[in-house]
Amino acid sequence: MTELDVVINKALDGLTLRHKAIATNLANASTPGFKRFEVLFEDQLESVAEGGTFDPDVKRDSSAGGPDGNNVVPESELSSLTRVEMSYQILTRALSFKASWMRAALSGRSG
């Protein structure tokens, strides 16, 4: 597995964790006092390429929120969910393209 493969796989792991956090946030959008989750990992990907560890930062957003103390904004969460899904698709397509290219190279075909 190349450094690029490792970084892409870790990015996919981070996106999966972020997807779960967003789903939790949306499920609790009406729960009084609920504080949304955030997942931060992008700044660790360069370290992963150099053999470093990958430990996504899952934290609670402590901002005040609405009158009931809930700080989930469903529209914002849905926008984030769309970005996560698009990023995931791009990365999985990149891995798929690379695998196809490698198969073609090994079998002696071009294109």
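Table for the structure above
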read-out: Residue list for segment 65-91, filter: polar (S, T, N, Q) and over 12 Å from the mean Cα position of the chain (by Cα); value: 70, 71, 76, 79
read-out: Where residue 2 falls short, out of the listed (1) of a type in the set (Val, Ile, Thr); (2) modelled with pLDDT under 95; (3) surrounded by 11 or more Cβ atoms within 10 Å (Cβ to Cβ); value: (3)
read-out: Condition check for residue 43: under 21 Å from residue 84 (Cβ atoms), at pLDDT below 95, under 20 Å from the mean Cα position of the chain (by Cα) and of a type in the set (Asp, Glu); value: yes
read-out: Given (1) at pLDDT below 95; (2) under 30 Å from residue 102 (Cβ atoms); (3) exposed (fewer than 15 other Cβ atoms within 10 Å of the Cβ), index of the condition residue 66 fails; value: (2)
read-out: Sole exception among (1) under 16 Å from residue 12 (Cα atoms); (2) surrounded by 14 or more Cβ atoms within 10 Å (Cβ to Cβ); (3) of a type in the set (A, V, I, L, M) for residue 26, by number; value: (1)
read-out: Which numbered condition residue 39 fails, given (1) free of Cβ contacts under 8 Å to residues at least 40 places away in the same chain; (2) in contact with a Ser or Thr (Cβ under 8 Å, 6 or more places away or on another chain); (3) not small (Gly, Ala, Ser); value: (2)
read-out: Hits in segment 1-49 (condition: of a type in the set (A, V, I, L, M, F, W, C), closer than 14 Å to residue 78 by Cα and part of a loop (DSSP other than H, G, I, E, B)); value: 29
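The values are calculated or read from the model by the stated rules, or taken from the named source; none is laboratory data. These figures come from a predicted structure and were not determined experimentally. Backbone-built Cβ (ideal geometry, glycine too); neighbour counts: all protein chains shown.
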